[in-house]
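Here's the structure, in structure tokens; my notes come after.
The values are calculated or read from the model by the stated rules, or taken from the named source; none is laboratory data. The shown structure was predicted, so the numbers you read here are calculated from the model rather than taken from an experiment. Reconstructed Cβ throughout: ideal geometry from the backbone, glycine too, with neighbour counts over all protein chains shown.
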Amino acid sequence: MAELRPFRPLRYNPELFGDLSAVVAPPYDVISPARRDALYERSPYNAVRLILNRSDDPYGAAAELLAAWRRSGVLVRDPRPALCYHVERFTLPTGQTYERQGVLGIVRLEPFHTGRIRPHERTFARHKEDRMRILRACRTNLSPIFGLFADRMDALDPARAVAAERAPDVAIEDDMGVRHRVWLVTDAAAITAVARALVAQPIFIADGHHRYETALAYAGEHRREHGPADDAPHNFVLMYLTSMNDPGLVILPTHRVLSGVAGLHGPRVAAQLRRYFRVTPFPRTARNAFYAHLHESVDEVRLGVAFADSPELLVLAVEDFARLERFEADLAPAVRRLDVAVLDAVILRGMFGIACAAAAEAGQLTYTHDAAEALGALTRGAQAAFLMNPPRIEDVQSVCLAGETMPEKSTYFYPKLLTGLVFHPLDEADEAQRLS
């Protein structure tokens, strides 16, 4: 169902850049202003200057820079179509070390209604407009979409076998301590074998929903202006694919911080929460016990809650979903028992009357993956912090297969994919033949 093809990567000239660690960047949506400044200082060729340019006209400046880098040979296009076999090795703060394996290629864009490519969470309009402007200006996929397939790991065996025979084309360690190794797989038999192994698989978008929807819209603009052209580059998008069964597939929680809600009184809200949840309180000094209780059950919906004007940390557990029915009546069965859906529908929307997407756009609702940072925000003017457990990969799959979506910022697949390893231009043919 999913059509994966090789492509001719546009990449930093290996004769000029033996080590890419100075020029790669995280995805645009996790780069703070301070991080952007640091990446600017690191190299005049850092990819942040393309994806998050700080000029008055960031889109025009990025397009001019991309063109200049190509003219001067900073960026060069490989002569042969390839898939990129990408291995990431990383260690979590818990001390556990993982390795995740995937391939980068171009995948034919499909509207979500076909079921061939499926989203799992909702998106923000502002981010899509921003990414559309950068795509129109640069006419290049600057960062890959992160996709998942449900097949066994052996779908990637042909690429893995090629990689086992030689040193990687790229080997770097990024700022998060993640070790990246990339092999350009140009062997036609290996490429065909990987593509055929995935052709019957639907793809679930793990990360990059905004950019995928933008790519769909961009392709639609081209079709309306120039007519259909099935194999034109704009009908494909740069995508990284890994198996849902990969033991290195890690999802981290995304916590919520709330500010600027008129009349929010923590003790009064806590009393209201007791009508719907089993509430276990902990003193502020007992954070470790609070965290342990929050995380000890994977089968029960549990949320951590703290208010700036309350001395307690609370763990909420759902004992009876019938109590929540009036808040969740509009949610599909695949969604309503998710921790993040309970927080979104029951507490934020149902009790506080907060439209989460609008609150996030306004900066009233913010997100962090660091529990200590979420609780620390309460000493810096925030009113409430909501600590989450990460969704399970089977939950993500169930939601996708049901044709539903989770609330915005439900998942954080770690590590994020780097920008700058390869790019995919949309204004030139890839010279990749249809696989038969």
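Number of residues in segment 173-232 that are within 18 Å of the chain's Cα centre (by Cα) and of a type in the set (Lys, Arg): the value is 1. Scanning segment 245-282 for residues that are in a helix (DSSP H, G or I), among the small types (Gly, Ala, Ser) and in contact (Cβ under 8 Å) with a residue 60 or more places away in the chain gives a single hit, 266. One residue alone among 382, 374 is closer than 20 Å to residue 289 by Cβ and more than 16 Å from the chain's Cα centre (by Cα), and that residue is 374. Within segment 283-302, residues that are farther than 26 Å from residue 395 by Cβ reach partners that are in a strand (DSSP E or B) with beta carbons closer than 6 Å, at six or more positions or on different chains, in the pairs 289/282.
Here is a list: 180, 120. Which entry is modelled with pLDDT under 90 and of a type outside the set (D, E, K, R)? When all the criteria are applied, what remains is 120. When residue 371 is tested against (1) within 28 Å of residue 52 (Cβ to Cβ); (2) surrounded by 21 or more Cβ atoms within 10 Å (Cβ to Cβ); (3) among the small types (Gly, Ala, Ser), just one condition goes unmet, and that condition is (2). Please verify whether residue 403 is in the same structural domain as residue 104 (by TED's automatic domain parsing) and in contact (Cβ under 8 Å) with a residue 12 or more places away in the chain, treating the condition exactly as stated. For residue 403, the condition - in the same structural domain as residue 104 (by TED's automatic domain parsing) and in contact (Cβ under 8 Å) with a residue 12 or more places away in the chain - is not met. Cβ-Cβ distances below 6 Å connect no pair with a first residue in segment 111-137 that is at positive phi, a second residue that is buried (at least 18 other Cβ atoms within 10 Å of the Cβ) and among the hydrophobic types (A, V, I, L, M, F, W, C), and a separation of six or more residues or different chains.
Taking residue 206 as the residue in question, decide whether it is surrounded by 23 or more Cβ atoms within 10 Å (Cβ to Cβ) and in a helix (DSSP H, G or I). Spell out how you get there, then give the answer.
On the way: surrounded by 23 or more Cβ atoms within 10 Å (Cβ to Cβ): yes; in a helix (DSSP H, G or I): no.
The answer is no for residue 206.
Would you mind finding the one in 211, 224 that is assigned by TED's automatic domain parsing to the domain that holds residue 142, touching a Ser or Thr at 6+ places or on another chain (Cβ under 9 Å) and either in a helix (DSSP H, G or I) or free of Cβ contacts under 8 Å to residues at least 24 places away in the same chain (or both)? Walk me through how you get there before you give the answer.
Working: 224 fails: touching a Ser or Thr at 6+ places or on another chain (Cβ under 9 Å).
Just a single option satisfies the conditions, and that option is 211.
Give the residue, chosen from 112, 90, that is in the same structural domain as residue 182 (by TED's automatic domain parsing), within 20 Å of the chain's Cα centre (by Cα), of a type in the set (A, V, I, L, M, F, W, C) and within 22 Å of residue 3 (Cα to Cα). Don't jump to the end; show me each part of the working.
Working: 90 fails: within 22 Å of residue 3 (Cα to Cα).
None of the others qualify; the one that does is 112.
Check segment 84-107 and report whether any residue there is in contact with a Lys or Arg (Cβ under 9 Å, 6 or more places away or on another chain) and without any contact (Cβ under 8 Å) to a residue 40 or more places away in the chain. For segment 84-107, residues in contact with a Lys or Arg (Cβ under 9 Å, 6 or more places away or on another chain) and without any contact (Cβ under 8 Å) to a residue 40 or more places away in the chain: present. Candidates 103, 48: the one that is crowded, with 18+ Cβ neighbours inside 10 Å and more than 26 Å from residue 4 (Cβ to Cβ) is 48.
Results for (1) in contact with a Gly (Cβ under 7 Å, 6 or more places away or on another chain); (2) surrounded by fewer than 18 Cβ atoms within 10 Å (Cβ to Cβ); (3) farther than 30 Å from residue 232 by Cβ, shown as yes or no for each residue.
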| site | (1), (2), (3) |
| --- | --- |
| 350 | no, yes, yes |
| 353 | no, yes, yes |
| 394 | no, yes, yes |
| 403 | no, yes, no |
| 416 | no, no, no |
| 427 | no, yes, no |
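Checked against (1) within 26 Å of residue 205 (Cβ to Cβ); (2) surrounded by 18 or more Cβ atoms within 10 Å (Cβ to Cβ); (3) hydrophobic (A, V, I, L, M, F, W, C), residue 316 passes all but a single condition, namely (1). Screening residue 272 on (1) of a type outside the set (Lys, Arg); (2) surrounded by fewer than 18 Cβ atoms within 10 Å (Cβ to Cβ); (3) farther than 22 Å from residue 343 by Cα shows it passes everything except condition (3).
When segment 342-401 is filtered for residues that are small (Gly, Ala, Ser) and part of a loop (DSSP other than H, G, I, E, B), the ones remaining, listed by number, are 353, 355, 362, 363, 381, 382. Screening the candidates 136, 131, 160 for the property of being surrounded by 22 or more Cβ atoms within 10 Å (Cβ to Cβ), in a helix (DSSP H, G or I) and basic (Lys, Arg) yields one hit, 131.
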